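Participant: Structure provided below as structure tokens; questions to follow.
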Amino acid sequence: MAEEAKAKGNAAFSSGDFTAAVSHFSDAIALSPTNHVLYSNRSAAYASLNKYAEALADAKQTVDLKPDWPKGYSRLGAAHIGLGHFDEAVSAYKKGLEIDPNNEALKSGLADAQSAASRSSRAAPPPNLFGDAFSGPEMWAKLTADPTTRPYLQQPDFVKMMQEIQKNPSSLNLYLKDQRVMQALGVLLNVKFRTPTSEEADMPEDSPSPPSQPERKRSAEAEPPKEEKEPEPEPMELSDEKKETKERKAQALKEKEAGNAAYKKKDFDTAIQHYTKAIELDDDEISYIMNRAATYLEMGKYDECIKDCDKAVERGRELRSDFKMIAKALTRKGTALSKMAKTSKDYEPAIETFQKALTEHRNPDTLKKLNDAEKAKKELEQQEYFDPKLADEEREKGNDYFKQQKYPEAVKHYTESLKRNPKDPKAYSNRAACYTKLGALPEGLKDAEKCIELDPTFSKGYTRKGAVQFFMKEYEKALETYQEGLKHDPQNPELLDGVRRCVEQINKASRGDLSPEELKERQAKAMQDPEIQNILSDPVMRQVLVDFQENPKAAQEHTKNPMVMSKIQKLVSAGIVQIR
């Protein structure tokens, strides 16, 4: 199924396996070629593989299928940026913002595209000593061939930095603090640079980044293999300021560990004290703020939790922290907002926050929280809108229009009545009658079934459902519906008349009185019925039909079996077989 393949693609994308994601999304597209979301997802996967031409083709297809969907233009802009088409990217993001002016992803993309377009239009910068090392496709080939830099190519932020350097070698100085760029430079220049190793931190929730690296970090599994240590020169004596900084960071880490221990014991007040002390000692590590926010969330102090989450996001952007940490802070804020919500409108900021988190990192847990918040908002809206008195007034207005044979207007008022009171079987019954008059039989059947579900003793529900089935020429099903209704109201004239009309149509088929056109139509309709299909595919029933044709003695025995005869009667009613 397309949804199953899509789910596999999403899982592969979240885990960073973009090649598998492309494969799964392609399978889903083959099953559902008009689903715009599938092309959008595959475009994102192609872009993550730096296959921007393919990403652009899928983005264009997304926009063609769903021109009013903002995310399609976000995909289109990203693909254009990857190909260096900055003006086209700006145009794509602006079109998306015309549809959704408050879309944060489109705003951010537009800013990036305009910045890139501005840089590309400036005069050529002065030559860079390392410019040749980053030119041409040879750069990517060297980075792919070297085992120490190959893992970095799976990291979007590293790929983006290298693309920036390749376009503008003079920007190299901006990224030299990133050890991955230094490692890549060494590979490209065939020079071995010594890279510092990071200490493994024992963090149960949010692992702090190494003290000397405020730049954006990637997950531990993406770190390059550690090289054998070469003889190192005697370490230089640290200045007093650096010594103090190092000591403060070490002390902050101890406070964090003490906070974690207290948190696990549910001693939240003590945990808050330790996390606060850690933040005071080292404000370059946002995981301490995140841990304190988590503690406030457990304590039910949602305002304090939200303040800490906002602080973590702000400080994280200043430090260029891992985008996953930013997403986690936003998700935690959204959770606090959801817990504070008392009305449907209260859920709006929570939903917006979860959506922002997903633009940073598409995490399944965040997505589930978003879906739960949207569901809760919808349920509260229904509760807030509930008013049985107004529902009755709207139903009466619908009745007036029904009597005037103004069925679309009647449907409108019955629908409003159901919004005000979704548990009113009469409104479902009346709207089912309108749908039947308008020829919208599937909608009428659905309303009639809902009416019976709400009140199984309400005879109108059975007459509505039976009427729809009769018009759909499902006479056997209609007969069962009318008979079920008679169990609750044995003398109901509408139900009795329905039974009579169904029996008449069924007997007509049994006698062979149907015209060739009627027989052909009835058989074609019957073959689409799963129940008829099951009967005809049953080996026992196939043998029974053979016996009726070739073995009268065996056929006589079959007539004594009520279950067999019930199935035979269904086939006769459907015009599949005739008994002479």
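The values are calculated or read from the model by the stated rules, or taken from the named source; none is laboratory data. Remember, it's a predicted structure, so these values are computed and weren't measured experimentally. A quick note on method: Cβ atoms are made from the backbone with ideal geometry, for glycine too, and the neighbour counts reach across all protein chains shown. Note: areas computed on protein heavy atoms with side chains; ligands, DNA, RNA excluded. Shrake-Rupley method; radii C 1.70, N 1.55, O 1.52, S 1.80 Å.
Yes/no matrix, rows are residues, columns are (1) aromatic (Phe, Trp, Tyr); (2) over 24 Å from residue 382 (Cβ atoms); (3) not in a helix (DSSP H, G or I):
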| residue | (1), (2), (3) |
| --- | --- |
| 416 | no, no, no |
| 430 | no, no, no |
| 435 | yes, no, no |
| 461 | no, no, no |
| 469 | no, yes, no |
| 482 | yes, yes, no |
| 494 | no, yes, no |
| 517 | no, yes, no |
| 521 | no, yes, no |
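Participant: Here's something else I'd like to know. Kindly evaluate residue 79 against the criterion of being open to solvent by less than 30 Å² (accessible area, probe 1.4 Å), over 19 Å from residue 367 (Cα atoms), of a type in the set (A, V, I, L, M, F, W, C) and in a helix (DSSP H, G or I).
Facilitator: yes
Participant: Take the residues of the stretch 141-171 that are charged (D, E, K, R) and open to solvent by 60 Å² or more (accessible area, probe 1.4 Å): which is farthest from residue 360 (Cα to Cα)?
Facilitator: Out of the qualifying residues, it is 142.
Participant: Okay, moving on. Mind checking which pairs have a first residue in the stretch 439-451 that is at negative phi and a second that is of a type in the set (D, E, K, R), Cβ under 6 Å, 6 or more apart or different chains?
Facilitator: Cβ pairs passing all conditions: 447/431; 448/464; 448/465.
Participant: Checking residue 37 against (1) modelled with pLDDT of 90 or more; (2) open to solvent by 30 Å² or more (accessible area, probe 1.4 Å); (3) farther than 27 Å from residue 353 by Cα, which test does it fail?
Facilitator: Single failed check for residue 37: (3).
Participant: Still on this structure, I have one more. Given the structure, is residue 74 surrounded by 15 or more Cβ atoms within 10 Å (Cβ to Cβ), among the polar types (S, T, N, Q) and in contact with an Asp or Glu (Cβ under 8 Å, 6 or more places away or on another chain)?
Facilitator: no
Participant: Then there is this: Can we say residue 62 is among the hydroxyl-bearing types (Ser, Thr, Tyr) and touching a Lys or Arg at 6+ places or on another chain (Cβ under 8 Å)?
Facilitator: So residue 62 fits the description; yes.
Participant: Oh, and also: Quick one: residue 500 ticks every box in (1) basic (Lys, Arg); (2) more than 23 Å from residue 392 (Cα to Cα); (3) surrounded by 15 or more Cβ atoms within 10 Å (Cβ to Cβ) except a single one, so which number is it?
Facilitator: Residue 500 satisfies every listed condition except (3).
Participant: Name the pairs: first residue in the stretch 55-84 and within 17 Å of residue 99 (Cα to Cα), second residue open to solvent by 60 Å² or more (accessible area, probe 1.4 Å) and of a type in the set (Val, Ile, Thr), Cβ to Cβ under 7 Å, at least 6 apart or on different chains?
Facilitator: 65/34; 68/99; 70/99
Participant: Next question, about the same structure. Within the group 98, 88, 54, which residue is assigned to a helix (DSSP H, G or I), surrounded by fewer than 16 Cβ atoms within 10 Å (Cβ to Cβ) and not assigned by the TED database to the domain that holds residue 153?
Facilitator: Step by step, each of 98, 88, 54 is checked, and only 98 is assigned to a helix (DSSP H, G or I), surrounded by fewer than 16 Cβ atoms within 10 Å (Cβ to Cβ) and not assigned by the TED database to the domain that holds residue 153.
This table checks each residue for (1) crowded, with 19+ Cβ neighbours inside 10 Å; (2) modelled with pLDDT of 95 or more.
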| residue | (1), (2) |
| --- | --- |
| 416 | no, no |
| 419 | no, no |
| 428 | yes, yes |
| 436 | yes, no |
| 440 | no, no |
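Participant: Could you check the stretch 321-350 and list, in sequence order, the residues that are part of a loop (DSSP other than H, G, I, E, B) and touching a helix residue (DSSP H, G or I) at 6+ places or on another chain (Cβ under 7 Å)?
Facilitator: 321, 341, 343, 344, 346
Participant: Now for a different question. May I ask you to list the residues in the stretch 360-398 that are in contact with a Leu (Cβ under 9 Å, 6 or more places away or on another chain) and hydroxyl-bearing (Ser, Thr, Tyr)?
Facilitator: Result: 366, single match.
Participant: Pick out the one residue from 254, 266 that is more than 22 Å from residue 314 (Cα to Cα) and not in a helix (DSSP H, G or I).
Facilitator: 266
Participant: Here's a follow-up. Please state which one of 364, 349 is open to solvent by 80 Å² or more (accessible area, probe 1.4 Å) and under 27 Å from residue 332 (Cβ atoms).
Facilitator: The conditions single out 364.
One line per residue, one yes/no per condition, for (1) at pLDDT 55 or above; (2) among the aromatic types (Phe, Trp, Tyr):
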| residue | (1), (2) |
| --- | --- |
| 127 | no, no |
| 131 | no, no |
| 140 | yes, yes |
| 168 | yes, no |
| 172 | yes, no |
| 179 | yes, no |
| 190 | yes, no |
| 211 | no, no |
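Participant: A further question follows. Taking residue 473 as the residue in question, decide whether it is buried (at least 23 other Cβ atoms within 10 Å of the Cβ) and over 35 Å from the mean Cα position of the chain (by Cα).
Facilitator: No, not satisfied.
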